[in-house]
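What follows is a set of notes on a single structure, which appears directly below.
Every read-out reported here was derived from the displayed coordinates using simple, explicitly stated rules and does not represent laboratory data. Please read these numbers as outputs of a predicted model, since none were measured by experiment. Cβ coordinates were reconstructed from backbone atoms using ideal geometry, including for glycine residues, and neighbour counts include every protein chain displayed.
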Amino acid sequence: MGKSTSGWINGLVGVAIFAGSLPATRVAVAELDPVFLTSARAAIAAVLGLALLLLLRQPRPTLADAPALLFTAIGCVLGFPLLTALALQHVTSAHSIVFLGLLPLCTALFAVLRAGERPRLPFWLFSVVGAAFVAGYAAMGDVEASLKGDMLMLAAVLVCGMGYAEGAQLSRKLGGWQVISWALVFSLPVMLPLALLNMPQSLESVGAAAWIGLAYVSVFSMLIGFVFWYRGLAQGGIAAVGQLQLLQPFVGLGLAALLLQETVSWTMLVVTLVAVVCVGGAKKYA
C-alpha cells in the first residue's frame, strides 16, 4: 500500500471519528453538565496526550509557540466542545451537523487571513451561497426554539476554524498530533480544576450512555481522531486528503439516524449537500 492510499485511509478514519463527536455529545449532555463535559474530556485527553509525548520523547514547544498553542486550545479544546455541548441542549445532533458543512470554509478563511492571500471572486461567490443556504435552513421551522442553538453552533464553527488554522501552522514545526497534545497539556491547569468543580453530585445517578459519550469524545474525538487525521494529511497531502472533511456532515447525519434514531429530513440532506458543494468550490479557489 502506497503512502497516498494509506493517507486517504487514515484521513477517512479521522473524519469518521470526528463525525461521531456530536451524536456522542448529544447523548452525554442529556445527563452531564456541558461545562463538566467540556473540561472532563479535555482533562482526560490531556493526560493521555502527555503520556504519549513523554513516551515518544517529543521535543517541547518554545515560548514563541505559546500564542499559537493558546489559540489552538481556545478553538479546539475549549471553544468548539463547550459551544457544541451548549447548543446540543437546544437542537438535535442531526440539526447541528448541518453547520459542520461550513467548518472547512471557516478554516480556509482563517488561513487566508493568517497568510494574507487574495482569493479569486469564485471563492467569495461559493462562500456567500453556502452561508446563505445554511442560514436559510437555520431560520426554517420554529425559530424561537432553535435560534439559541443555531447561534451557538455558528460560534462553535467559527472558533474551531480558528483553532484548526492556528494548529495547522504550528504542525509544520511540531507535527500534527503533537500540536493537539501540547494544546491539551497547555489547557490542563484550567480544565482539571474546572472538571472537579462541576462534577455531578451523584455519579451513580448518571447513566451508562452518558459515560460512554464522555469516553468517546475524550479518547476518540479529542485525541485519537487527530492522530489519524494528521497522519493522513502528512501521507497523502494536505490539499488532497483535507477534502475528506467535506464528508463529515454526511457521516454524522448517518450516525445520528442510526444510533440516536433522530429524524434526518430531506431538507437537512439537501442543505448539507449544497453546503459541501459550496465549501468544495470555495476551497478550490482559496
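The simple Förster model, with R0 at 45 Å and r as the Cβ-Cβ distance, assigns residue 56 and residue 277 a FRET efficiency of 0.65. In this simple spin-label model, placing a label point 7 Å from the Cα along the Cα-to-Cβ direction at both residue 118 and residue 208 gives a separation of 6.1 nm. Sorted on the mean count of surrounding Cβ atoms within 10 Å across their residues, most packed first, peptides 16-22, 154-160 read 16-22, 154-160. Length available on full extension from residue 30 to residue 147: 0.36 nm per residue minus the Cα-Cα distance, which gives 40.2 nm. Take the Cβ atoms of residue 198 and residue 265, set R0 to 51 Å, and the FRET efficiency comes out at 0.90.
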